[in-house]
Amino acid sequence: MAYRKTPAEIRRLEAARERLVACATEVVAEVGWAQASVSAVADAAGIAAGSVYQHFPSKAALAVEVFRLAAGREVEVLGEVLHAPGEPVERLSRAVEVFARRALENRGLAYALLAAPAEPAVGAERLEFRRRYRSLFAEAVQEGMASGRLPRQNGEITAAALSGAIGEVLVDPLGAPESSAVEELVAELTAMTLRCVGAPHN
């Protein structure tokens with residue numbers, strides 16, 4: 001009869017895996033994908049490098065898990081704001097503000113998710129999550145058109161342009177030392193969002 005892990009063993013392995021991913025996320029936020037070696041992650045987790053491979057077959061597999069969890073959380077937060085009660089254009093503006101503030105509060109991780117050089121497997125995940133961001137923005141644009149607050153347009157194209165512009169605007173600030181110009185940057189980014197979708201603004 002094949003050996004079957006007990007529930008306690010399964011919980012222990014799951015907890016170890018979660019801690020490993022959390023440590024890897026911190027390492028990536030600090031040094032980027034290229035420098036986040038298996039040894040560096042193992043050191044951060046306080047385990048032997050070989051133990052990492054008990055949970056992940058390769059560095060790439062670990063990196064993908066880090067990206068999926070971190071980016072997934074950002075998509076989740078964005079969706080919560082965009083699906084909250086209220087007028088769609090205001091929700092869209094608020095969502096961009098929240099996204100930008102979260103990125104600027106955790107610059108290392110945000111830069112890693114948006115732009116830092118990474119292995120092809122992480123690059124593929126990046127493309128998939130961009131599609132998810134675009135889908136959320138497109139939904140908000142469609143709601144804005146339906147409510148009469150936005151002019152007729154191709155919501156998918158607008159959403160693609162918007163998601164690309166947000167990333168481009170944030171890349172340089174995320175890679176630079178923290179500055180006191182956060183409020184100005186967020187204000188300009190939200191104003192750009194309204195211009196991009198064709199919303200009336202002051």
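The values are calculated or read from the model by the stated rules, or taken from the named source; none is laboratory data. Values in this document were obtained by computation on a predicted structure and should not be read as measured data. Please note: Cβ atoms are built from the backbone with ideal geometry, for glycine as well, and neighbour counts cover all protein chains shown. SASA here: full protein model, heavy atoms, side chains in, ligands and nucleic acids out. Shrake-Rupley method; radii C 1.70, N 1.55, O 1.52, S 1.80 Å.
Some observations on this one:
- Packing-based ranking, highest mean first, of 161-168, 15-22, 106-113 given that Cβ atoms within 10 Å are counted: 106-113, 161-168, 15-22
- Residue-averaged 222 nm ellipticity for the chain, from DSSP H runs of 4+ at -39500 (n - 2.57), nearest 500: -25000 deg cm²/dmol
- Using distinct alpha-carbon pairs, which all enter the 1/r mean, Kirkwood radius of the stretch 73-149 in Å: 13.4
- Reciprocal of mean inverse Cα separation for the chain (Kirkwood radius, Å): 18.6
- The Cα center of the stretch 34-70 and the Cα center of the stretch 77-118 differ in position by 26 Å.
- Every Cα-Cα pair of the stretch 114-202 was included, and the share exceeding 16 Å stands at 61 percent.
- Counting 0.36 nm for each residue step from residue 61 to residue 195 and taking away their Cα separation leaves a gain of 44.3 nm.
- Probe 1.4 Å, protein heavy atoms only - accessible area per residue of the chain in square angstrom: 55
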